[in-house]
1. Taking only segment 72-82 into account, find how many residues are crowded, with 17+ Cβ neighbours inside 10 Å and not in a helix (DSSP H, G or I).
2. Where residues in segment 23-39 are under 22 Å from the mean Cα position of the chain (by Cα) and not polar (S, T, N, Q), which of them is farthest from Pro156 (Cα to Cα)?
3. Can you find a residue that is among the basic types (Lys, Arg), closer than 30 Å to Pro24 by Cβ and within 22 Å of the chain's Cα centre (by Cα) anywhere in segment 183-205?
4. Could you give me the residue pairs with C-beta distances under 9 Å whose first residue belongs to segment 21-45 and is on the phi > 0 side of the Ramachandran plot and of a type in the set (A, V, I, L, M, F, W, C), whose second residue is open to solvent by less than 10 Å² (accessible area, probe 1.4 Å) and in a strand (DSSP E or B) wherever it lies, and which are 6+ apart or on separate chains?
5. Scan the strands (runs of 3 or more DSSP E) fully inside segment 244-327 and keep the ones with 3 or more residues being buried (at least 19 other Cβ atoms within 10 Å of the Cβ) and of a type in the set (Asp, Glu).
6. Restricting to segment 7-52, what's the tally of residues that are farther than 26 Å from Ile121 by Cβ, in a strand (DSSP E or B), open to solvent by 20 Å² or more (accessible area, probe 1.4 Å) and not hydroxyl-bearing (Ser, Thr, Tyr)?
7. Kindly indicate which of Glu63, Glu69 is touching a His at 6+ places or on another chain (Cβ under 8 Å), open to solvent by less than 40 Å² (accessible area, probe 1.4 Å) and part of a helix (DSSP H, G or I).
8. Would you call Gly160 modelled with pLDDT under 90 and either surrounded by fewer than 17 Cβ atoms within 10 Å (Cβ to Cβ) or out of contact with any Cys (no Cβ under 9 Å at 6 or more places or on another chain) (or both)?
Amino acid sequence: MSTQTIHFSYGSNIWKDQLKARCPSSRFLGVARLSGWRWIIHTYGYANLVPSPSDYVYGFLYELSPEDEKILDTYEGVPRDYHKEILPVEIIQRAGDALDVGGDTIAALIYIDSETVEDGIIRQEYIPRLNLASKDGIKEGIPSEYFEKYWKRFIPSEDGSVNDGESKLTVNFSYGSNLWKEQMQNRCPSSRWRGVAILRDWRWIINSRGVANIIPSEGDHVYGFLYELSAEDEATLDRYEGVPSVYKKQTHTVEIINGEAVGQLMRGKRFMDAAVYVDVVRLENGTIREEYIRRMNLAIEDARKEGVPKEYIEAYMRPFLEQGGQYYSK
């Protein structure tokens, strides 16, 4: 272990998947506590520590190779945003046979911004990462009371809690006319666009009802938008989609391409489960409805703006729009 660095992570790197994706050869060692410091969100919107004699900070200990430490320096913006300190931390819980150091205290590398020490407002994209971090923290033994006391006041959530890392919202994968953001906003006023994703081994069609559907098809793929929906909006969308008589609501794993959706990191890619409306009866190609052409053209415009490749639109959508006498050709 002599060539390795022991690192104390106290922010979003408590989310194990994130740290592993950033530092592939890192090893989780356990839980530790730093006394005399307080956890905050600083004015740049990210986690920081400030000296505070009566407070304490929980975090995860990781073993880093020299290469991983350099990578993490880059992520933490050393030396511009954070600087590195070596401070003693108390080992609270060991992971297996890790940390055979003959004591309960160990010196650990910690990233700290000693200049930006005022409380700030958390960045929107940082919220889901901290929710996932708190979930992993509690699993490994960090007291839920710690997150309640220090994290909760900085992190807004749908149910007012960060402890379980879960959201009461549904994430919907939209692949048809609901790619037109204005239509989705009108139907589901409190919905939030969260990004672009791909559903693999399915194919986009216009079915015999004249509207979009997807069917299983090995080697093909479907692009869609991810929307966060409240329970009320989900119920509204169910009615628009004719659940359960026309479409069934299924859950599928999609790969996140861009946007604020978080998901789980696997092999350097982000995945999440999303609700998808599928017509499991009408699986044959059909002719697009006249009124649907305009909505699909507007949907495609928004899709292109958000990075859906033109090649996908040309290969899967355009042939059906041509059948209706109009197509999107930008």
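The values are calculated or read from the model by the stated rules, or taken from the named source; none is laboratory data. Note that the structure is a prediction, hence the values are computed from the model and not measured. We place every Cβ from the backbone using ideal geometry, glycine too, and count neighbours over all the protein chains shown. Only protein heavy atoms, including side chains, enter the accessible area calculation; ligands, DNA and RNA are left aside. Shrake-Rupley method; radii C 1.70, N 1.55, O 1.52, S 1.80 Å.
1. Adding up the residues that qualify gives 1.
2. As a first pass, look at segment 23-39 and keep what is under 22 Å from the mean Cα position of the chain (by Cα): 23-24, 26, 28.
Filter again for not polar (S, T, N, Q), leaving 23-24, 28.
Working: Cys23: 29, Pro24: 31, Phe28: 28 Å.
Per the criteria, the residue is Pro24.
3. Looking for residues that are among the basic types (Lys, Arg), closer than 30 Å to Pro24 by Cβ and within 22 Å of the chain's Cα centre (by Cα), one finds at least one in segment 183-205, hence yes.
4. Correct list of pairs: empty, since none qualify.
5. Numbers: elements: 248-259, 264-266, 269-278.
So the answer is none; nothing clears 3.
6. Of segment 7-52, the ones farther than 26 Å from Ile121 by Cβ are 7, 16, 20-21, 23-33, 35.
Next, from what is left, pick out any that are in a strand (DSSP E or B): 7, 27-33, 35.
Add one more test, that the residue is open to solvent by 20 Å² or more (accessible area, probe 1.4 Å), and what stays is 27-28, 33, 35.
Filter once more, keeping what is not hydroxyl-bearing (Ser, Thr, Tyr): 27-28, 33.
Qualifying residue count, segment 7-52: 3.
7. Numbers: Glu63 fails: part of a helix (DSSP H, G or I).
Among Glu63, Glu69, only Glu69 is touching a His at 6+ places or on another chain (Cβ under 8 Å), open to solvent by less than 40 Å² (accessible area, probe 1.4 Å) and part of a helix (DSSP H, G or I).
8. Working: modelled with pLDDT under 90: yes; either surrounded by fewer than 17 Cβ atoms within 10 Å (Cβ to Cβ) or out of contact with any Cys (no Cβ under 9 Å at 6 or more places or on another chain) (or both): yes.
The answer is yes for Gly160.
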